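Here the structure is laid out as structure tokens; the discussion comes afterwards.
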Amino acid sequence: MAKRYAIVLAAGQGTRMKSKLYKVLHPVLGRPMVQHVIDEVKGSQLDEIVTVVGHGAEQVKERIGKKSKFVLQEKQLGTGHACMQAEDLLRGKEGTTIVVCGDTPLITKETYQALFEYHEKEQAKATILTAKAPNPFSYGRVVRDEQGEVKRIVEHKDASDEELLIDEINTGTYCFDNQALFEALKKVTNENTQGEYYLPDVIEILQGSSEKVAAFIAPDFDETLGINDRVALSTAEKVMKRRINERHMRNGVSIIDPDHTYIEPDVVIEQDVTVYPGTIISGQSVIKENAQIGPHSEIKNCYIGKETVIKQSVARDSKIGNRVAVGPYAHIRPEAAISDDAKIGNFVELKKSQIGEKSKVPHLSYIGDADIGSNVNVGCGTITVNYDGKDKYLTTIEDDAFIGCNSNLVAPVTIGKGSFVAAGSTITKDVPKDSLSIARERQTNKDGYAKRLRKN
Ligand code: UD1
Ligand code: CA
């Protein structure tokens, strides 16, 4: 097979975003746009990827990492000039080069692949990925002659009134014969409204030297959306969200209200999971069979076991076992590990703690830096006092222990297996196994005292 290369244009500032963050790093469902572009285009078995960076070069490089080589475009003199920066790495090589913009995150691998195949089948020197836009405003327009052959691309700002009526747009994605691309780029000038070296001018140059120029019309305009401002960014978010949600639903996940459910691309969800409205599942989360998530929950980088139910809660960087009940209104902070059949109830905050099988923390507790065994009951309002203002200490509660309501367990401390802590205790010393510990003032009742007070 002929060699395939990619040039990713990602040097622009993205002035229209009005942001300190470089445009191509703006996330669409948690992943920077340029990363979406590279992940999808990689699906076409590329021999080499070259990303052109400029504004925010270091940050962009860091995000993309080893997936690409990089060249620096010091001044952003236009998309044609940006492509030229890849010359040293690619010039002279035989094969097809796809040029993609870092701001078109919705184009799918299927479309990239179809473009390559069409280009190779047509044996064209250039093939433009075009689309029929319901509102072509601001895009470059594809000008065809009477025979329907592509003649050139005209930018919105340079277009005549007649050309502005054309609804076929340049998506900013093209396949080129690699050598022909670099030959033609030499002839591009900056004589236009914006004073920029336009990559699309290559089309007219190739066409003028009687090389074959083709166009492949993308089946779905939505895919080709170019993100220049935050309005388009929100549209992209919507399209991406719908696409991901539909994939999960077709795999057997029930999403009650897909318009109000946000699932990031890497999340894995098994069959017969139900996701309720207002839920965000992000990062590298995995949700196992028959779990129920939401409504109004945020899950980030969590493993959630089978049949676990999470309501109105926030959980991150934690592992939650099978048949666990979480919430409503629980906060599971990083490094919590909750075993099967446990319960974490209302207004419970958990951090860096192990909760053993069948253990319960049902109401109003803070459990941090704790190692809790199985079958433990942690009464309402219990607090692990883990921090002395300087260091953090571990609380250990062994199997079958019962912690009465409103207890303070001042760490480091161990509550032995099967012991019982009386309600309202402040425990500062280890409790041996199978014992009862009471650490509070004894109650005294004064007969008739209240009545006497009232009389006075
Ligand atoms: C470009 C196309 C337009 C097309 C549209 C599709 C040109 C001249 N116009 O317009 O025909 O309809 O995309 O979305 O190509 N970039 C650089 N260096 C530069 C300039 C841009 O790397 O000097 C990068 C940007 O970071 C961006 C991409 O190229 O990722 C496209 O640039 P942008 O300014 O967004 O071009 P558009 O005006 O959208
Ligand atoms: Ca653009």
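Data table
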read-out	value
The range 370-413: C-alpha pair distances exceeding 13 Å, %	53
FRET efficiency, 1/(1 + (r/R0)^6) with R0 41 Å, evaluated for ASP317 and GLN443 via beta carbons	0.40
Coordinate range along principal axes, alpha carbons of the range 177-225, Å, largest first	33, 27, 17
Cross-link pairs LYS358/LYS417; LYS319/LYS352; LYS61/LYS187; LYS18/LYS109; LYS125/LYS187 - those with Cα-Cα distance over 19 Å	LYS61/LYS187; LYS18/LYS109
Cα centroid separation, the range 269-294 to the range 314-341 (Å)	13
Sorted largest first, extent of the chain alpha carbons per principal axis (Å)	108, 46, 42
Positive-end extreme of charge dipole, the chain - chosen from MET240, TYR112, ILE332 (charges on Cβ)	ILE332
The range 92-239, dipole about Cα centre (Lys/Arg Cβ +1, Asp/Glu Cβ -1), debye to the nearest 20	300
Placed amide H near ILE107: partners under 5 Å, 5+ positions off or other chain	none
Net charge dipole size for the chain [Lys, Arg +1 and Asp, Glu -1 on Cβ; Debye, nearest 20]	2620
The chain, helix-only ellipticity at 222 nm - DSSP H runs n ≥ 4, -39,500 (n - 2.57), divided by all residues, nearest 500	-5500 deg cm²/dmol
Where the range 362-412 is the region considered: accessible area per residue in Å², 1.4 Å probe	42
Proximal lysines to LYS66, defined as alpha-carbon separation beneath 17 angstrom and excluding residues fewer than eight positions away on the same chain	LYS42
Share of Cα-Cα pairs in the range 90-166 lying beyond 14 Å, as whole percent	70
Cα-based Kirkwood hydrodynamic radius, the range 1-107, one decimal, Å	13.8
Around VAL431: net Lys/Arg minus Asp/Glu count, Cβ-Cβ under 15 Å	-2
Dipole-positive endmost among ILE383, ALA342, ALA423 within the range 339-456 (Cβ charges, Cα centre)	ALA423
Protection proxy ranking, peptides 161-168, 180-187, 437-444, 296-303, average beta carbon neighbours within 10 Å, highest first	296-303, 180-187, 161-168, 437-444
Sorted peptide list for 203-210, 5-12, criterion being average Cβ within 10 angstrom, highest first	5-12, 203-210
Calculated log₁₀ intensity ratio I(q)/I(0) where the Debye formula runs over C-alpha points of the range 93-233, q = 0.11 Å⁻¹	-0.37
Of all accessible heavy-atom area on the range 168-221, the percent that carbon and sulfur account for (1.4 Å)	43
Relative packing of peptides 235-242, 88-95 - highest average C-beta neighbours within 10 Å first	235-242, 88-95
Estimated FRET transfer efficiency (LYS390, ASN346; beta-carbon r; R0 25 Å; 0.05)	0.20
ASP272-LYS67 pseudo-label distance in nm [points 7 Å out on the Cα-to-Cβ vector]	3.5
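The values are calculated or read from the model by the stated rules, or taken from the named source; none is laboratory data. Predicted model, so just to flag it, every value in this text is computed and none were measured. Please note: Cβ atoms are built from the backbone with ideal geometry, for glycine as well, and neighbour counts cover all protein chains shown. Ligands, DNA and RNA are excluded from the accessible area calculation, which covers all protein heavy atoms including side chains. Shrake-Rupley method; radii C 1.70, N 1.55, O 1.52, S 1.80 Å.
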